[in-house]
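Engineer: If you scroll down you'll find the structure; I have some questions about it.
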Amino acid sequence: MEPTTYIWMDGEMVPWEEATVHVLSHALHYGTGVFEGIRAYQTEQGTAVFRLTDHMERLHRSAQAYQMELEWSVEDLTKATKELLAANELVDGYIRPLVFLELGAIGLNPANARVRTSIITWRWGAYLGEEGVRDGIRVRVSSWRRFPNDSFPNAKATGTYINSILAKREAVQAGFDEAIMLNQDGAISEGSGENIFVVSRGTVYTPPISVGCLDGFTRDAVATLLRDDGFEVVERVLDRTDLYYADEVFLTGTAAEVTPVREIDNRPIGPGKPGPITQRAQELFNATVTGKLTTHPEWLEHV
Ligand code: PMP
């Protein structure tokens with residue numbers, strides 16, 4: 001990762017190298033943090049952040065679920081993000097807001113721990129590789145089940161990502177690009193950091209949030225754009241066989257954007273290359289985030 005000049009921490013622009021924390025920080029010991037991943041894109045009207053307010057609202061909901069008192073409002077955080085992008089002279093890139101418990105408590109009742117808020121920005125290309133975006137990736141169904149939402153709230157909390165990390169590392173070590181996680185009932189939930197879509201006989205399916213998957217903004221945007229374009233998009237509980245019999249499968253997420261899946265558990269999906277509906281989803285999404293398709297101007301927040 002290439003450092004940028006500043007990191008925003010609790011209202012200050014701190015030089016990148018100085019944005020450090022103490023080793024006794026509660027979040028380091030117990031995973032008590034919540035975060036977001038957001039992307040900024042270059043458009044003809046300058047830099048725009050995709051669904052910035054939505055992401056900062058989700059950050060607030062995650063903090064609420066874990067009882068972390070965030071001292072910055074959604075408006076404060078959106079303003080800080082825009083100022084940081086400008087200060088770092090980034091025309092596009094990835095934005096990582098992170099709220100975490102620092103000093104003031106060590107032990108399992110962090111009520112007195114200081115809540116720190118930071119925003120980091122950097123340049124980040126295709127998360128699953130340029131080649132993956134073009135030709136599709138190879139995935140495996142993980143032997144690790146996704147954490148159930150009766151054990152953790154459905155939120156973007158740092159601690160729960162240790163579950164995703166087990167799945168991702170297992171997949172990569174076995175020679176795959178990404179893992180698909182099942183829930184406790186064996187239903188398809190999501191990738192380690194992406195939502196999943198399955199195309200079968202012209203209909204587009206995605207699992208409902210209730211199976212245990214993140215309520216992704218890319219998932220929502222792609223479903224909306226495909227519906228606007230005349231496709232039927234249905235939320236349905238899917239199982240492993242649905243993946244094997246699919247005509248097309250793709251993943252969505254802020255980092256992954258729209259990434260086609262060409263193979264699952266060593267079985268080719270369709271002809272083993274990105275299908276027409278996946279390609280249409282990519283086209284619609286890419287045109288929207290770069291401001292070329294203007295059917296949802298509310299999603300682009302200009303710097
Ligand atoms: N699922 C998980 C587990 C994720 O970490 C992410 C990335 N935030 C997503 C899905 C996709 O969500 P979004 O489209 O809002 O980035």
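Engineer: Filter the strands (runs of 3 or more DSSP E) completely within segment 213-271 down to those with at least 2 residues that are within 16 Å of the ligand (Cβ to nearest atom) and within 21 Å of Ser164 (Cβ to Cβ).
Structural biologist: In segment 213-271, 248-253, 257-264 are the strands (runs of 3 or more DSSP E) which contain 2 or more residues that are within 16 Å of the ligand (Cβ to nearest atom) and within 21 Å of Ser164 (Cβ to Cβ).
Engineer: Name the residue, out of Thr290, Thr295, that is farther than 25 Å from Arg201 by Cβ, touching a residue at least 24 places away in the same chain (Cβ under 8 Å) and in contact with a strand residue (DSSP E or B) (Cβ under 7 Å, 6 or more places away or on another chain).
Structural biologist: Going through Thr290, Thr295 in turn, the sole match is Thr290.
Engineer: Name, by its number, the condition in (1) more than 16 Å from the ligand (Cβ to nearest atom); (2) among the acidic types (Asp, Glu); (3) within 27 Å of Asp220 (Cα to Cα); (4) in contact with a strand residue (DSSP E or B) (Cβ under 8 Å, 6 or more places away or on another chain) that does not hold for Glu36.
Structural biologist: (1)
Engineer: If you don't mind, there's one more thing I want to ask. Can you say whether Glu283 is surrounded by 14 or more Cβ atoms within 10 Å (Cβ to Cβ), of a type in the set (D, E, K, R) and farther than 18 Å from Thr224 by Cα, as far as the supplied structure shows?
Structural biologist: The answer is no for Glu283.
Engineer: Among the residues of segment 66-123, which ones are within 19 Å of Thr4 (Cα to Cα), under 21 Å from the mean Cα position of the chain (by Cα) and among the hydrophobic types (A, V, I, L, M, F, W, C)?
Structural biologist: Leu77, Ala80, Leu84, Leu85, Leu90, Val91, Ile95, Leu98, Ile119, Ile120, Trp122
Engineer: The conditions are (1) more than 10 Å from the ligand (Cβ to nearest atom); (2) touching a strand residue (DSSP E or B) at 6+ places or on another chain (Cβ under 8 Å); (3) more than 17 Å from Ile137 (Cα to Cα), and Thr278 fails exactly one of them. Which is it?
Structural biologist: Thr278 satisfies every listed condition except (3).
For every residue, the table says whether it meets (1) farther than 30 Å from Thr278 by Cα; (2) within 16 Å of the ligand (Cβ to nearest atom).
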| position | (1), (2) |
| --- | --- |
| Lys82 | yes, no |
| Tyr94 | no, yes |
| Leu101 | yes, no |
| Leu108 | yes, no |
| Glu131 | no, no |
| Gly136 | no, no |
| Val139 | no, yes |
| Gly159 | yes, yes |
| Ala167 | no, yes |
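Engineer: Determine, yes or no, whether Ser118 is within 14 Å of the ligand (Cβ to nearest atom), outside any loop (DSSP other than H, G, I, E, B) and among the small types (Gly, Ala, Ser).
Structural biologist: No, not satisfied.
None of the figures in this text is laboratory data; all of them are computed from the coordinates on show. Source: prediction; values computed, not measured. When we count neighbours, we look across all protein chains shown, and the Cβ atoms used for this are built from the backbone with ideal geometry, even at glycine.
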